[in-house]
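Chemist: Here it is, the structure in full.
The values are calculated or read from the model by the stated rules, or taken from the named source; none is laboratory data. Keep in mind that this is a model prediction, so the values were computed, not measured. Note: ideal-geometry Cβ built from the backbone for every residue, glycine included; neighbour counts use all protein chains shown. For accessibility, only protein heavy atoms count, side chains too; no ligands or nucleic acids. Shrake-Rupley method; radii C 1.70, N 1.55, O 1.52, S 1.80 Å.
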Amino acid sequence: MKRLALFRCCVTSLRLQHYESATNAVLGALGVVFEDVAEFGCCGYPLKNFDLKAYVLSAARNLALAEKKYLDIMTSCNCCYGSLKQAQKLLDEDLGLLRDINGMLSKEGLYYRGQVKVFSVLEVYHDLLSAGAIQKRLTATYDGLKVAVHDGCHLLRPSNVVAFDHPLAPKKFDALVALTGAQSIPWAKKLECCGSPLSGVNDALAENLGRAKLESARQAGADLVCVICPYCQIQFKESRRNSCRPRASSARCGPWRRLPRRKRAPPPEPAADLESENPPGWLAAPGGFFYGDRKGGTGGGYRLPSGRALSSPNMLKGERPSGSPVL
């Protein structure tokens with residue numbers, strides 16, 4: 001495996017800094033060496049709905065930068081992951097588009113050859129590291145904790161693009177949760193959209209979708225929802241915050257039982273302090289498995305001056321139809 005570059009999402013850098021610190025700490029504790037590439041820019045995700053070539057150019061620039069440094073890319077953001085993987089597929093299948101993009105990249109001395117791999121941090125944990133290697137590094141366990149795992153749409157679909165896990169029966173994220181001693185529980189709306197793509201377009205519907213997922217997790221007996229995607233994290237926090245205003249019913253705000261104390265064991269060897277930045281919280285960040293957000297999320301989506309939202313069109317509305325083409 002080539003060296004890895006950590007592709008840092010714009011949203012996590014600005015609004016979810018605990019994602020950054022938790023990911024850094026866990027990767028370091030697991031001995032995963034990575035580089036930060038200062039020249040990296042936006043993955044192009046916000047442009048997908050407005051200008052396809054601008055989106056592909058933005059994504060391809062990052063891919064070409066990694067290739068130039070002989071690096072593969074890993075990211076903790078589902079949207080960045082799906083965006084970069086989708087751009088790779090488009091460039092692989094359309095030689096005319098590849099020629100045009102490389103023509104524009106040449107102005108910066110860059111060229112995309114299709115030799116870079118893109119990983120989610122979950123792929124690094126599950127596929128590139130062994131379960132035994134991870135368990136040896138654990139300094140605490142979450143025995144008795146019931147977790148509702150939320151993979152997120154862009155990690156699983158379109159499955160012919162991302163190919164991370166089975167789009168209808170994903171198991172990898174659940175397996176990582178199980179390594180910590182927690183129990184990944186089944187819940188009815190596990191594969192439903194969180195509502196984030198509708199933020200800024202139809203906020204009421206977006207919040208309803210988010211609240212419906214949280215209520216589904218609560219009814220299944222979950223102590224927390226474990227999230228990988230920063231957009232989903234923000235949407236869940238916004239939906240929960242708004243549902244707990246006086247106008248909302250108390251049932252939608254809980255009850256969620258107090259998290260149990262974790263069983264601690266001394267580490268087998270010195271490792272990074274995985275708990276210095278964020279204690280466990282109701283919603284979990286990806287890098288640290290159960291690192292919670294002690295900073296209040298503001299939720300919502302980004303809006304253009306026209307009021308249109310910078311959000312993905314790739315969402316599932318309500319119940320998934322059987323044989324849906326997005327799978």
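Chemist: Output the residue which, of all residues in the range 124-168 that are assigned to a loop (DSSP other than H, G, I, E, B) and of a type in the set (Phe, Trp, Tyr), is farthest from LYS48 (Cα to Cα).
Modeler: Among residues in the range 124-168 that are assigned to a loop (DSSP other than H, G, I, E, B) and of a type in the set (Phe, Trp, Tyr), the one farthest from LYS48 (Cα to Cα) is TYR142.
Chemist: Consider the range 203-231. How many of its residues are open to solvent by 10 Å² or more (accessible area, probe 1.4 Å) and part of a helix (DSSP H, G or I)?
Modeler: Adding up the residues that qualify gives 14.
Chemist: Just to be sure I understand the filter: pairs with C-beta atoms under 8 Å, separated by 6 or more residues or on different chains, first member in the range 122-136 and open to solvent by less than 40 Å² (accessible area, probe 1.4 Å), second member assigned to a helix (DSSP H, G or I) and among the aromatic types (Phe, Trp, Tyr). Which pairs pass?
Modeler: Taking only residues 6 or more apart or on different chains, the pairs are LEU122/PHE173; ILE134/TYR125.
Chemist: Looking only at the range 47-78, which residues are touching a residue at least 40 places away in the same chain (Cβ under 8 Å), open to solvent by 30 Å² or more (accessible area, probe 1.4 Å), over 17 Å from ALA5 (Cβ atoms) and not aliphatic (A, V, I, L, M)?
Modeler: LYS48, ASN49, LYS53
Chemist: Run ASP51 past the list (1) closer than 23 Å to SER159 by Cβ; (2) over 22 Å from the mean Cα position of the chain (by Cα); (3) of a type outside the set (Lys, Arg) and report the number of the one that doesn't hold.
Modeler: Every condition holds for ASP51 apart from (1).
Chemist: All but one of (1) closer than 30 Å to THR180 by Cβ; (2) open to solvent by 10 Å² or more (accessible area, probe 1.4 Å) hold for ALA148; state the number of the condition that does not hold.
Modeler: Every condition holds for ALA148 apart from (2).
Chemist: Do we have any residue at all in the range 101-110 that's modelled with pLDDT under 95 and either β-branched (Val, Ile, Thr) or under 20 Å from the mean Cα position of the chain (by Cα) (or both)?
Modeler: no
Chemist: Also: Being of a type in the set (S, T, N, Q) and under 19 Å from ASN49 (Cα atoms) is the filter here, so list the residues in the range 66-96 that pass it.
Modeler: ASN78, SER83, GLN86, GLN88
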